[in-house]
1. Quick check: anything in the range 56-67 open to solvent by less than 80 Å² (accessible area, probe 1.4 Å), touching a strand residue (DSSP E or B) at 6+ places or on another chain (Cβ under 9 Å) and not in a loop (DSSP other than H, G, I, E, B)?
2. Looking at (1) at pLDDT 95 or above; (2) closer than 29 Å to residue 34 by Cα; (3) not charged (D, E, K, R), which one does residue 154 not meet, given that it meets all the others?
3. Specify which of the listed residues (72, 116, 145) is open to solvent by less than 70 Å² (accessible area, probe 1.4 Å) and either assigned to a helix (DSSP H, G or I) or out of contact with any strand residue (DSSP E or B) (no Cβ under 7 Å at 6 or more places or on another chain) (or both).
4. Name the residue that is nearest to the chain's Cα centre (by Cα), counting only residues in the range 119-142 that are closer than 20 Å to residue 61 by Cβ and outside any helix (DSSP H, G or I).
5. Based on what the data block shows, is residue 82 assigned to a loop (DSSP other than H, G, I, E, B), open to solvent by 40 Å² or more (accessible area, probe 1.4 Å), touching a residue at least 60 places away in the same chain (Cβ under 8 Å) and under 22 Å from residue 20 (Cα atoms)?
6. Is it fair to say residue 87 is touching a Ser or Thr at 6+ places or on another chain (Cβ under 8 Å), within 17 Å of residue 18 (Cα to Cα), assigned to a helix (DSSP H, G or I) and open to solvent by less than 30 Å² (accessible area, probe 1.4 Å)?
7. Considering the range 7-50 alone, what residues qualify as being crowded, with 18+ Cβ neighbours inside 10 Å, over 13 Å from the mean Cα position of the chain (by Cα) and in a strand (DSSP E or B)?
Amino acid sequence: EFSNLARENGIKKVGVMIETPSAALVSDQIFDIVDFASFGTNDLTQYVMAADRLDSRLSDLTNSWHPAVLRIIELVGKNAKNKSLGVCGEAAADPQLAAVLIGLGVNSLSMASNSISEVKSFIATQDLNKCQKVAQEVMNTKNAIEAKNLAIKLFN
């Protein structure tokens, strides 16, 4: 297995990107052999929604706020247990979505430097319990727009 090979070659912490639904669905097994994982939310969203993110006509389906994407992230968050689970990309740069991701078990966010202060300021005003409650509510919406609007309302 790749994690043993990596460790045999001197890599102390081994991790993976979770960018496909299949990886998410077996993430319990993946976390048995790695130290951390990270979502590439752009790719994950594209594959969960089976919609080409480069096709602007499908933009309503390639939004990481979509409840189907959030439910996949929740599953992996539960499987991560105490291991590091990160998100990189545009999703982490949205303050409300970053808080929802934290509520789903994400504990590391990576974003463009110009987004850090806004996300950090917003997250500092929230607690984990509220992030978890909002996350549960938005996963029960019908689409990405509804999810985002509900999160904005609940966080205010």
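1. Taking every residue of the range 56-67 in turn, none turns out to be open to solvent by less than 80 Å² (accessible area, probe 1.4 Å), touching a strand residue (DSSP E or B) at 6+ places or on another chain (Cβ under 9 Å) and not in a loop (DSSP other than H, G, I, E, B).
2. Only one criterion in (1) at pLDDT 95 or above; (2) closer than 29 Å to residue 34 by Cα; (3) not charged (D, E, K, R) is unmet by residue 154, namely (2).
3. Only one candidate passes the filter, namely 72.
4. Checking each candidate, the answer is 139.
5. Spelling it out, it is not the case that residue 82 is assigned to a loop (DSSP other than H, G, I, E, B), open to solvent by 40 Å² or more (accessible area, probe 1.4 Å), touching a residue at least 60 places away in the same chain (Cβ under 8 Å) and under 22 Å from residue 20 (Cα atoms).
6. So residue 87 does not fit the description; no.
7. The answer is 15, and nothing else.
The values are calculated or read from the model by the stated rules, or taken from the named source; none is laboratory data. What you are looking at is a predicted structure, and each value in this text was computed from that prediction instead of being measured. Virtual Cβ from ideal backbone geometry, glycine too; neighbours counted across all protein chains shown. Quick note on the areas: whole protein, heavy atoms, side chains included, nothing else; ligands and nucleic acids left out. Shrake-Rupley method; radii C 1.70, N 1.55, O 1.52, S 1.80 Å.
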